[in-house]
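Structure first, then comments.
Only the coordinates and a few stated rules stand behind these numbers; no lab work does. Note that the coordinates shown come from a computational prediction; the quantities given were computed from them, not determined experimentally. Counting neighbours? That spans all protein chains shown, and the Cβs are built from the backbone with ideal geometry, glycine included.
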Amino acid sequence: MPPAPCHLVLHPDPVLRQKAQAVETFDESLATLVSEMIRIMHESEGVGLAAPQAGHPLQIFVCNAGTENEPDSVFINPEIIEADGTPEWAEEGCLSLPGIHGRVRRPTRVRLRAQNLDGTFFEVESDEFPARIWQHEFDHLQGVLIIDRMRPIDRLAARRTLKDLVARSSQQ
């Protein structure tokens, strides 16, 4: 398991395009990585963060769609076992694509199966904002970004910002 600390990874870092690997060891280093991911999510004022966004191509994401008093959720080795409902378009942004927002079409209801920090399996279901977050973060684990799912007009509008991100990364 990778050591902490972690940092927020920005496009076009190749880790964002990798398919994440399953977590097989549930130990203290996993808990440390998850804690770092939660820290990054909160410091960045996000509602979710996938491990590839923290530089680690592992099947983990964290999220918090509620208030500051709501506990953070951890999903390890998640799989979407059901996605239905009339797909809806809604505006999304991404911490790894700062300054880029676009409309993304997603199913409105999702049932997810995952493991917690102890390796215990659980299932959750939502037809509200968490369902959209789960799908967005699950996409990261497949190497898919919102720019792959946005309407063409939104991708066109984001073109300059994407070029700036690429230019900035080549200067580092």
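Evaluated at q = 0.24, 0.26, 0.32 Å⁻¹, a Debye calculation over the C-alpha positions of region 126-172 (equal weights, vacuum) places log10 I(q)/I(0) at -0.93, -0.95, -1.01.
Listing Phe75, Phe61, Phe26 from fewest to most neighbouring C-beta atoms within 10 Å gives Phe26, Phe75, Phe61. With the helix formula -39500 (n - 2.57) applied to DSSP H stretches of n ≥ 4, the chain reaches a computed 222 nm mean residue ellipticity of -9500 deg cm²/dmol.
Scaled to the globular estimate 2.2 N^0.38 Å, the Cα spread of region 14-170, given as radius of gyration, is 1.02.
When Val104, Val15, Val9 are arranged by Cβ crowding within 10 Å, least crowded first, meaning fewest neighbours, the order is Val15, Val9, Val104.
Three principal axis extents of region 46-132 based on alpha-carbon atoms, in descending order, are 36, 30, 28 Å.
Relative to the Cα centre, what is the charge dipole magnitude of the chain, using +1 at the beta carbon of each Lys and Arg, -1 at the beta carbon of each Asp and Glu, and rounding to the nearest 20 debye?
1060 debye
Estimated at 0.36 nm per residue, the fully extended path between Glu45 and Thr108 surpasses their Cα-Cα distance by 20.3 nm.
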